[in-house]
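Please read the structure below before turning to the comments.
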Amino acid sequence: MSSAASPQPIAMGNGRPRAGRSLVARILDSKAFLRLLTLAVIAAIWQVYAVMVGGLLIPTFDGTVFAFVELLLDGKFWRAVWVSNQAMLIGFAITVILGIPIGLFMGRYRPAEAFTDVYINILLVTPMAALIPLIIMAIGFGLNARVLLVILFAIPMVIVNSRAGVRQVDPTLIEMAQSFGATERSIWWRILLPGSMPAVMTGIRIGLSRSLTAMVVIELLLIAVGLGGLIINFRGAFQPESLYAVVIFVVFEALLLIMVARWLERRLVPWGREGVLATD
Amino acid sequence: MIEIRGLGKSFPGRRGNPGVKALEGVNLTVRDDEFLTVLGPSGCGKTTLLRCLAGLVSWDEGEILLDRRPVTGPGPERAMVFQSIALMPWASVLRNVTFGLELRGVNGSDCRSRAQELIELVGLSGFESSMPFELSGGMQQRVGLARALAVEPAVLLMDEPFGALDEQTRRLLQEELLQIWETRRTTVVFITHSMDEAVLLGDRVVLMSARPGKIEDVVEVPMPRPRSAHIDTVEGSAEFREITSQLWVRLREWQVDIGRRGRAAAAGSR
């Protein structure tokens with residue numbers, strides 16, 4: 001612990017610039033610069049590979065960028081975005097509304113758990129894509145089928161994390177509340193709900209990324225609408241630039257959603273630790 | 001006044017193991033405004049006894065009377081301080097202190113001012129909006145104490161409250177607890193496994209032995225009050241030494257005895 005003797009506060013993270021250094025050095029040291037640099041290297045390798053090896057199905061980097069911009073200016077594209085996200089938003093909303101209470105309840109009451117545990121385990125271990133044909137046979141090709149698949153993908157994560165959240169609440173906190181005469185109702189409101197929030201938020205974050213997966217997977221596999229439908233169309237029409245552009249859009253959307261979820265998590269549970277039960 | 005009569009409690013064994021008799025034939029009277037310390041080796045059921053008093057667990061035999069009324073559950077005249085402190089990590093110091101008050105329907109400015117007063121009493125002014133994880137262990141237990149005192153209990157139940165703290169912090173908190181108790185007298189039942197702590201704080205020391213947990217003796221501590229102003233003189237006095245060494249003789253006897261019995265049982269089963 002040689003640094004302990006240092007009277008200066010220790011800077012958080014490596015990227016923080018120290019005063020008195022040149023602008024160039026600071027830029028070279030910053031995180032954003034490093035990220036951009038990695039991106040540039042990847043783009044360069046991509047471009048070189050596409051030009052030199054090439055082929056009909058591997059677009060160039062600049063071609064993909066153009067296609068991406070074109071896509072963003074196209075009304076049809078945004079309709080596809082809406083069609084896809086509609087299923088995801090409805091499915092995710094239902095997942096949260098149903099999944100959290102189910103998980104919390106299972107965490108607190110053992111009989112409820114014994115009853116439902118086996119179904120949760122089935123949902124956790126089954127490759128959900130295998131259920132798609134069943135769902136379509138049962139309820140058709142409509143929005144309902146896509147919503148249902150999103151729920152099936154996402155809800156186990158939300159349930160399992162909420163359940164873990166209630167379980168990991170310090171039992172002496174419950175005892176403490178009881179010693180002050182708390183009823184079961186006030187124990188829920190004052191101890192169990194706030195206590196399980198960190199894990200619930202983790203479940204929401206993982207559930208969100210699973211919803212996005214489900215949304216794309218079902219469109220690619222059987223119900224060719226929305227973004228997945230676009231991907232299939234572009235593939236059929238030999239438009240690899242546009243196909244790549246759609247995929248990149250999906251990646252950006254996923255990143256954006258996860259950032260929002262993380263931001264929410266930090267705002268709502270500043271005391272919580274991350275990744276209570278990061279299953280996925 | 002608390003009267004404990006013939007209290008017995010056992011924990012059922014699991015999977016064929018014999019159950020544990022945590023308490024057997026416990027008889028004890030706690031006088032009003034008395035500071036009673038309960039001393040015993042770990043596993044002697046002293047914490048179980050306190051949890052019975054708090055109404056957090058039920059028992060098999062006997063009864064507990066509080067001012068002649070039987071105890072059947074937690075009640076507003078009792079408040080507890082926990083060894084693990086049990087602060088809500090998501091709530092500020094102020095919100096932790098108001099917890100008991102809010103549950104009892106005291107709210108608004110009344111609640112706030114009462115909590116404020118207690119926070120000052122335990123020396124945490126200025127930390128009202130701090131979060132528990134920002135505080136040291138000693139400060140956290142001050143919050144625990146303030147939370148219990150805020151509901152103005154007639155009986156304060158303390159379960160090894162300073163057991164998890166380091167030596168210096170423990171001494172400081174012992175002194176402050178005495179100070180507080182000397183100004184606002186309540187009945188205190190204080191569980192500890194430290195002989196010095198038991199004698200320093202208590203009017204009487206209840207000695208418990210383990211397996212089954214029962215009361216072996218109740219020792220008077222006739223040293224004068226108030227003690228908070230001169231803890232060092234109290235602890236340095238011949239009287240203090242005399243009482244603690246007496247306690248040690250007793251405790252040591254049982255420990256050796258338990259060891260002997262254990263060895264005999266092991267030899268017998270062989």
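Just so it is clear, none of the values below were taken in a lab; they were calculated from the coordinates. Remember, it's a predicted structure, so these values are computed and weren't measured experimentally. Cβ placement follows ideal geometry from the backbone for every residue including glycine, while neighbour counts extend to all protein chains displayed.
In a simple Cβ point-charge model (Lys, Arg +1; Asp, Glu -1; nothing else charged), region B:44-164 has a dipole of about 100 debye relative to its Cα centre.
When only alpha carbons are used to place a centre, region B:197-270 and region A:197-254 end up 70 Å from one another. Sequentially through region B:145-159, phi angles give Karplus couplings (6.51, -1.76, 1.60; θ = phi - 60°) of 5, 4, 4, 5, 5, 4, 7, 6, x, 7, 10, 10, 9, 10, 9 Hz, Gly and Pro residues having no value and appearing as x. Using R0 = 41 Å, the C-beta based FRET efficiency linking A:ASP170 and B:ARG261 works out to 0.65.
In this structure, A:ALA44 and A:ASP74 have a Cβ-Cβ separation that, at R0 = 25 Å, corresponds to a calculated FRET efficiency of about 0.35. Can you tell me which of B:VAL189, B:VAL218, B:VAL206 moves the most in a GNM of chain B? Springs connect C-alpha atoms under 10 Å apart. Greatest mean-square fluctuation among the candidates belongs to B:VAL218. Per-residue 3J(HN,Hα) values for region B:208-221, derived from phi via the Karplus relation 6.51 cos²θ - 1.76 cosθ + 1.60 with θ = phi - 60°, read 10, 10, 9, 6, x, x, 8, 7, 8, 6, 10, 9, 6, 10 Hz in sequence order (x marks Gly and Pro). Label separation (A:ASN121 vs B:TRP248): 5.6 nm, computed from points 7 Å beyond Cα along the C-beta direction. Taken along the Cα-to-beta-carbon direction at a fixed 7 Å, the label points for B:HIS230 and A:VAL65 span 8.5 nm. Taking amide H positions as modeled 1.01 Å from N, with prolines and chain starts lacking one, the residues under 5 Å from B:ASP217 and 5 or more places away or on another chain are B:LEU207.
Look at where the Cα atoms of region B:83-104 and of region A:31-56 average out, and the two centres are 55 Å apart. Would you please classify the overall shape of chain A from the alpha carbon gyration tensor, given that a ≥ b ≥ c denote the square roots of the eigenvalues, rounded means a/c under 1.5, and beyond that prolate means a/b larger than b/c while oblate covers the rest? Oblate shape, in that a/c is at least 1.5 and b/c is the bigger or equal ratio. Gain on full extension, evaluated as 0.36 nm per residue between B:GLU182 and B:ARG14 minus their Cα-Cα distance, stands at 55.9 nm. Taking 19 Å as the straight-line reach from the Cα of A:LYS31, none of the lysines fall in range once those fewer than 8 positions away in the same chain are excluded. Positive contributions from Lys and Arg (+1) and negative ones from Asp and Glu (-1), summed over other residues with Cβ under 15 Å from the Cβ of A:ALA177, come out at +4. Prolate is the label for region B:89-152, because a/c, from the alpha-carbon gyration tensor with a ≥ b ≥ c as root eigenvalues, is 1.5 or above and a/b exceeds b/c.
The length gained on full extension between B:SER125 and B:ASP32, counted as 0.36 nm times the residue separation minus their Cα-Cα distance, comes to 30.4 nm. Divide the volume of the convex hull around the Cα atoms of the protein assembly as shown by the residue count and you get 271 Å³ per residue. Scalar couplings 3J(HN,Hα) for region A:223-234, obtained by applying the Karplus form with A = 6.51, B = -1.76, C = 1.60 to θ = phi - 60°, are 10, 7, 10, x, 5, x, x, 4, 4, 5, 4, 5 Hz; x denotes Gly and Pro. Positive contributions from Lys and Arg (+1) and negative ones from Asp and Glu (-1), summed over other residues with Cβ under 12 Å from the Cβ of B:LEU172, come out at -1.
Please check: in the Gaussian network model of chain A (C-alpha springs, under 10 Å), which one of A:PRO156, A:PRO127, A:PRO198 has the largest mean-square fluctuation. Result: A:PRO127 has the largest fluctuation of those listed. With a 10 Å cut-off between alpha carbons and a GNM built on chain A, which of A:MET259, A:MET157, A:MET106 moves the most? Answer for the Gaussian network model of chain A: A:MET259.
Among residues other than A:VAL260 with Cβ under 13 Å from its Cβ, the summed charge is +2 (Lys and Arg +1, Asp and Glu -1). Taking 19 Å as the straight-line reach from the Cα of B:LYS9, the lysines in range (excluding those fewer than 8 positions away in the same chain) are B:LYS21, B:LYS46, B:LYS214.
Shape of chain B from its Cα gyration tensor (a ≥ b ≥ c, root eigenvalues): rounded if a/c is under 1.5, otherwise prolate when a/b > b/c, or oblate? Prolate, because a/c is 1.5 or more and a/b exceeds b/c.
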